[in-house]
Amino acid sequence: MIFEHRHDPLRVVIAGGGVAALEALLALRDLAPGRVAPVLIADQEDFLYRPLLVGEPFGLGRPRRHRLADLCADHGAELIAGRVTAVAPGDHQVAIAGRAPVDYDELIVATGARPYPAFEDGVTFDRDLSGEEFDEALADLAHGLAPHVAIVVPTGVGWTLPAYELALLTAAWGARHHADEHRVTLLTPERAPLEAFGAAASREVGALLDAAGVALFPGVHADVVTASSLRAGGSWMDADRIVSLPLQAGPRIAGLPCDEHGFIPSDARGRVAGVDDVHVAGDAGTFAVKQGGLAAQQAEAVAVDLARRAGALVAQVPSPRVLRGVLLTEHGPRFLRAELGDPDGTSELSAQPLWWPPTKIASRRLAPYLARLEAEGRGPGAVAMRT
Ligand SMILES: Cc1cc2nc3c(=O)[nH]c(=O)nc-3n(C[C@H](O)[C@H](O)[C@H](O)COP(=O)(O)OP(=O)(O)OC[C@H]3O[C@@H](n4cnc5c(N)ncnc54)[C@H](O)[C@@H]3O)c2cc1C
C-alpha cells in the first residue's frame with residue numbers, strides 16, 4: 001500500500017538525540033528548507049559528546065553536553081522528551097513510554113546502541129556505568145599497587161580506537177607516576193593495530209605503541225576469566241588490572257526488524273528492510289563499525305533520501321565512505337583517515353589535521369555547527385581540548 005503523506009510540510013520524526021539524529025536534523029533543514037517539519041524524540045535532555053570520555057580520567061578535558069532544547073530551537077525542530085518503545089508502521093505512529101503516540105510521515109530511527117560488559121570480571125571502560133572502577137585502577141597504578149594493566153578489545157567491538165588511547169595514555173600515566181615498574185598490554189582481535197585505517201596508518205600506530213612501551217597482542221580473542229587473569233590464543237596471562245571495552249546491543253524496537261544483536265537492517269540509503277517510510281542511521285543500524293563520523297555520514301544519506309521525497313532537488317549520496325579518527329596520545333592528537341572501500345590505498349596518519357574542524361567526530365554539519373556555538377560563546381564551555 002502506498003502511504004499518502006498526511007502533512008505539508010513533511011512531518012519527519014527523528015527518534016534519538018545523538019550524532020546521527022542531530023546530523024540528520026541539520027541536513028534536512030539545509031537540503032529541504034520549508035519542505036520538512038522535523039520532530040525530535042529523545043530520552044535525554046542533553047546531547048553528550050562521548051569521545052572526550054576517554055581523556056577525562058587522565059585530566060585531558062571533560063565530555064561536553066549540549067541542551068537538546070537549544071539545538072532544536074536553533075533548527076526549528078519540535079522536541080518531545082520521551083523514550084520510543086515501539087513503531088506501528090501501518091499507522092505511521094511511534095509509541096512513547098508514558099505519553100500519547102506520535103504521528104509521522106517519515107521516521108528516522110537514530111537511537112544508537114546500548115553498551116554492556118563483555119565479561120563478568122575485570123573493569124569495563126564505561127564512564128556512565130562504572131567510571132570510578134577505571135579511576136581506581138589508575139590510582140592503583142600511580143601508587144605502585146597495580147603495575148601491570150591489560151587493556152582488552154573483546155571480539156565484536158564496533159569501534160576499537162578508545163582501547164588504543166587507553167593503552168597509550170595509561171602507559172604515559174604509569175611512566176609519569178612510577179617510571180620503571182609499570183607495564184601495559186593491549187590485546188585485540190584485529191590482525192594489526194587499528195587495521196580499519198589501512199596498512200600505513202596501522203604501521204604508525206604500531207610504532208606509537210612500541211615507543212610508549214605498550215606490548216601489543218593482535219589477532220587474539222581474549223576471554224577475561226577472573227579480575228586478574230585472562231585466556232588468549234590458548235595461553236593464560238595475568239595482570240593486576242584488566243580493563244575491557246564494552247560490547248554493544250542494538251535498540252530492538254518493537255515493530256521493526258532486527259538482527260540477533262538487536263541492530264536494525266537497512267539498504268545503503270538507510271531504508272529499513274521491508275518497512276515503508278522508516279530509515280535508520282548511526283549505531284542503531286547493522287553496519288559493523290560503530291563510530292560517530294560514520295553515523296553522521298549515514299544520517300546524511302538518509303536526509304538526502306528524505307529531502308528528495310519531500311521534493312527537493314538534491315543528488316543521492318553514497319552511504320559511508322570515509323573513516324576518520326583522532327587518536328589522543330601524550331604527544332598530542334594523531335589524525336587517521338582511510339576510505340572504507342580501499343583502506344590500504346588511502347591510509348593516512350598525521351600529527352596535522354586531515355579535516356576541518358579537526359574534531360573527534362568528523363561530520364559535514366554537526367561538527368562545524370558545534371564549533372561555531374563555542375566560538376560564539378554558546379557552547380557548554382568545557383573546551384580544554386578541541387579534539
Ligand atoms: C568512549 C567512547 C569514545 C568514542 N570515540 C569516538 C571517536 O573518537 N570518534 C567517533 O567518531 N566516534 C567515537 N565514539 C562513538 C560515537 O560516540 C558513536 O558512534 C556515536 O555517538 C553514535 O551516534 P548515534 O547517534 O548512532 O548514537 P548515540 O550518540 O548513542 O545517540 C543515541 C541517542 O538516542 C537516545 N535514545 C536511545 N534510545 C532511545 C529511545 N528508545 N527513544 C528516544 N531516544 C533514545 C540516546 O539517549 C541518545 O541521545 C566513541 C564512543 C565511546 C563510548
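Can you work out the base-10 log of I(q)/I(0) for region 245-387 at q = 0.13 1/Å, using the Debye formula on its C-alpha atoms alone? Cα-only, vacuum Debye calculation for region 245-387: -0.71. The alpha carbon convex hull volume per residue for region 118-247 rounds to 93 Å³.
Evaluating 6.51 cos²θ - 1.76 cosθ + 1.60 at θ = phi - 60° for every residue in region 294-311, the Karplus couplings come out as 6, 4, 5, 5, 5, 4, 4, 4, 5, 4, 4, 4, 6, 4, 5, 5, 7, x Hz, glycine and proline recorded as x.
Which order do Y104, Y369, Y116 fall in if you start with the one that has the fewest other Cβ atoms within 10 Å?
Numbers: Y104 26, Y369 18, Y116 12.
Final ranking by Cβ density, sparse to dense: Y116, Y369, Y104.
Quick check: the angle from helix 127-142's long axis to the longest principal axis of the chain, C-alpha only, nearest 10 degrees? Between helix and principal axis, roughly 20 degrees. Taking amide hydrogens as placed 1.01 Å from N in the peptide plane, the amide H of L256 sits under 5 Å from those of V87, each at least 5 positions away in sequence or on another chain. Less than 5 angstrom separates the built amide H of E348 from those of A201, R337, all sequence-distant by 5 or more or on a different chain. For the chain, a simple Cβ point-charge model (Lys and Arg +1, Asp and Glu -1, everything else neutral) yields a dipole of about 920 debye relative to the Cα centre. Computed from phi, the 3J(HN,Hα) profile of region 44-58 under the Karplus parametrisation 6.51, -1.76, 1.60 (θ = phi - 60°) reads 10, 6, 10, 8, 9, 8, 5, x, 6, 4, 5, x, 3, x, 9 Hz, with x in place of Gly and Pro. Shown here: the chain, whose C-alpha atoms stretch 69, 41, 40 Å along the first, second and third principal axes, sorted largest to smallest.
Percent relative contact order of the chain, based on C-alpha pairs within less than 8 angstrom and at least six residues apart? Computed value for the chain: 20 percent relative contact order. Between D91 and E133, the modelled labels are 4.1 nm apart [label points 7 Å from Cα along Cα→Cβ]. Projecting label points 7 angstrom from Cα along Cα→Cβ for A351 and Y116 puts them 4.4 nm apart.
The distance linking region 75-131 with region 330-369 is 28 Å (Cα centroid to Cα centroid, whole angstrom).
Using a cut-off of 11 Å between beta-carbons, work out the net charge of the residues near L216 (Lys and Arg +1, Asp and Glu -1, L216 not included). Mind showing how you got there, number by number?
Numbers: positive: none; negative: E190, D210.
Value of the local net charge: -2.
In order along region 218-233, the phi-based Karplus estimate (6.51 cos²θ - 1.76 cosθ + 1.60, θ = phi - 60°) of 3J(HN,Hα) comes to x, x, 10, 9, 7, 10, 7, 9, 9, 4, 10, 8, 9, 10, 8, x Hz; Gly and Pro are listed as x. Along the axis of the charge dipole computed for region 1-157 (Cβ charges of +1 for Lys and Arg, -1 for Asp and Glu, origin at the Cα centre), the listed residues G82, L129, L107 are led at the positive end by L107.
For the chain, a Gaussian network of Cα nodes joined below 10 Å ranks A312, A281, A367 by mean-square fluctuation, and the top entry is A312. Going 7 Å from the Cα of R183 toward and past its Cβ, which residues in region 221-249 have a backbone nitrogen under 20 Å from where you end up? Counting backbone N atoms under 20 Å from the label point, the list is 221-244. For the chain, modelled as a GNM whose springs connect Cα atoms under 10 angstrom apart, the maximal fluctuation among G206, G255, G17 occurs at G255.
Build a GNM of the chain with springs between Cα atoms under 10 Å apart, and of E260, E78, E300 the one that fluctuates most is E260. How many angstrom separate the Cα center of region 256-323 from the Cα center of region 153-213? Here the two parts' Cα centres lie 31 Å apart. If I model a spin label at A175 and D223 as a point 7 Å from the Cα along the Cα→Cβ vector, what separation in nanometres do I get? About 3.6 nm, to one decimal.
Against the main long axis of the alpha-carbon atoms of the chain, helix 199-212 sits at an angle near 40°. Fully extending the segment from E339 to R203 would add 47.3 nm, taking 0.36 nm per residue of separation and subtracting the current Cα-Cα distance. Round to the nearest 0.05 the FRET efficiency obtained for S235 and D70 when R0 = 45 Å and r is the Cβ-Cβ distance. About 0.30, to the nearest 0.05.
Since every read-out is calculated from the coordinates, none of them should be taken as a lab result. Fair warning: this is a prediction, and the values are worked out from it, not measured in the lab. Note that each Cβ is placed from the backbone with ideal geometry, even for glycine, and that neighbours are counted across all protein chains shown.
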